[in-house]
Every structure is written in structure tokens, then in C-alpha cells.
Amino acid sequence: MATGPVAGQAAPGRDGALARAFPALAVGPYRLLLSGNLCAMLVYQASVVATGYAAFQMTGAATMLGLISLALLGLAFVPLLFGMPYQTLMPVFAERVFAVGAEGLGVLMASGGVGSLLGSIAVAALAGFSRPAVFQLGVGVLFGAALLGFALAPSFAVAVAMLLVVGFASAAYTAINNTLVLANAEPRLHGRVMSVYLITFAVSPVAALPMSWLADWLGAPVTVAGGGLIVAAVVAGFAALYPAYRSIH
């Protein structure tokens with residue numbers, strides 16, 4: 001009995017090489033979803049530039065554009081794009097990497113949650129620290145390094161411990177960034193600046209798709225490890241190439 005291609009899938013030979021390399025691209029709805037998300041990512045990039053210019057227009061201060069829009073918004077963007085999508089891949093680690101099932105997945109997620117709580121408490125306890133930007137840079141590098149350690153963990157216990165550090169560093173990093181954004185903006189502009197800043201959080205769901213695609217192609221450990229390396233390298237590079245940031249308080 002003759003059979004034709006399944007509805008919603010590409011015919012054999014259409015985009016053959018690409019479909020063989022990335023099997024999910026053979027499914028029509030997935031291609032549509034991917035195209036939509038890529039468009040959303042491009043729109044987001046344009047919005048970052050536009051909102052930075054808007055902040056400059058609203059304040060008339062070049063320092064606001066340089067420090068708030070570029071430094072703080074940029075430092076918020078990188079971990080959300082390359083680091084936080086690790087949460088989307090937690091089921092893959094639980095099922096395929098550590099083979100611990102649903103119970104193990106709950107332990108992994110809870111470990112990150114406990115770390116986040118501890119990170120928030122630590123930031124509150126260090127509210128009087130004289131150089132918060134340096135502390136932020138430190139926990140930013142720690143976040144990337146802990147993601148690398150989690151991705152390469154030789155056992156489930158080590159992975160749980162690494163996720164505790166990941167949660168701690170990510171929460172501390174975000175809390176300090178929020179504080180610095182408000183501390184370096186005039187009180188009358190807090191609402192406007194925070195509306196610009198919160199746009200960066202839209203990137204995490206958008207980044208989940210390409211990260212999942214890379215995990216399907218390269219494997220979840222390699223994908224998360226690469227994201228951790230990028231986060232650590234960008235934060236450390238920012239500290240080295242932009243010394244003025246370290247003086248923000």
C-alpha cells in the first residue's frame with residue numbers, strides 16, 4: 001500500500017541535508033514556531049537599543065545611557081540569555097543524564113530554589129557593602145562556573161550541590177543588579193528605568209528554544225556547560241574592559 005508524507009512534515013528530499021542534521025526541522029509546525037521565536041528575538045534586540053535611546057531622551061544624561069542602559073541592562077541580559085535556560089533542560093538531566101526520574105527532578109529543582117533563597121538573604125545581609133558592583137561581578141562569574149560544574153557533574157549528589165550554588169549566585173546577581181539600577185537613577189525616574197530594565201526578562205523564554213535545539217544536537221551537558229562558560233567569560237571580560245563599572249555603588 002502506497003503511503004505519502006505525514007501531514008505537517010516536509011517531503012523526502014525537501015531541505016534534505018538540513019532535515020537530516022536537525023530532524024525537528026522536518027516538522028512544519030516546529031519550523032513555524034522556530035521562525036516566530038527568531039523574529040521575536042530580533043524584535044527584542046531592537047527594543048534594547050530603542051529603550052536605551054528612550055532612557056537617554058527621558059533623562060538627557062549621557063551617564064544614564066552609558067551606565068544604566070548599557071552596563072546594567074547588558075549585565076542583566078547575558079545571564080538570562082545563556083544561563084537561565086538551564087531550567088528548561090532540567091527534565092533532560094533528570095531522565096537521561098542522571099536517570100533519577102521525577103523524584104530526582106524535584107530534588108534538582110528544589111536545590112536551585114533553596115540556593116536562590118540563600119542568595120537573596122545574603123544580599124540583604126550585605127546591604128552595607130561598599131562596592132556592590134564588585135560583589136555582583138563575583139557572583140556573576142560564580143554563576144557561570146557553577147553552571148559549568150553542574151553540567152559536568154560526575155554524580156547526582158554533585159549536581160545537586162552545584163545547583164545550590166547556581167541558585168545562590170543567580171539570585172544574588174539579579175538582586176544586586178536591581179539595586180544598582182535603582183540606586184543610579186533619579187527617584188523621579190525609577191518607574192521609567194525599571195520599565196526599561198524589566199524588558200530584559202523577556203529574553204529567557206525566547207532563549208529556551210535555541211538552547212533546547214542545541215541540547216538536542218550537542219547534548220544537554222555540553223549546552224549548559226557552554227552557556228556557563230559564556231556567562232562567566234562575559235562578566236569577567238566586562239569587569240576587565242570597563243573599569244568604571246566597578247566603581248558603581
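Counting only residues that are among the hydrophobic types (A, V, I, L, M, F, W, C), closer than 24 Å to PHE238 by Cα and more than 18 Å from the chain's Cα centre (by Cα), how many does region 109-167 have?
Of the residues in region 109-167, 8 are among the hydrophobic types (A, V, I, L, M, F, W, C), closer than 24 Å to PHE238 by Cα and more than 18 Å from the chain's Cα centre (by Cα).
If I ask for residues that are surrounded by fewer than 17 Cβ atoms within 10 Å (Cβ to Cβ) and touching a residue at least 24 places away in the same chain (Cβ under 8 Å), which ones from region 108-121 would you list?
Going through region 108-121, the residues surrounded by fewer than 17 Cβ atoms within 10 Å (Cβ to Cβ) turn out to be 109-110, 113-114, 117-118, 120-121.
If the condition is that a residue be surrounded by fewer than 17 Cβ atoms within 10 Å (Cβ to Cβ) and touching a residue at least 24 places away in the same chain (Cβ under 8 Å), then GLY113, VAL114, LEU117, LEU118, SER120 are the ones that fit.
I'm trying to understand the selection: among the residues of region 213-249, which are surrounded by 15 or more Cβ atoms within 10 Å (Cβ to Cβ), of a type in the set (S, T, N, Q) and at pLDDT below 85?
None; the set is empty.
I need the full set of residues from region 136-174 which are among the aromatic types (Phe, Trp, Tyr) and over 17 Å from PRO85 (Cα atoms), in order please.
PHE156
Would you say LEU180 is closer than 20 Å to PHE129 by Cβ, modelled with pLDDT of 70 or more and in a helix (DSSP H, G or I)?
Numbers: closer than 20 Å to PHE129 by Cβ: yes; modelled with pLDDT of 70 or more: yes; in a helix (DSSP H, G or I): yes.
In short, yes.
The values are calculated or read from the model by the stated rules, or taken from the named source; none is laboratory data. Just so it is clear, the model here is predicted, and its values are computed rather than measured. Positions of Cβ are generated from backbone atoms using ideal geometry, with glycine treated the same way; all protein chains shown enter the neighbour counts.
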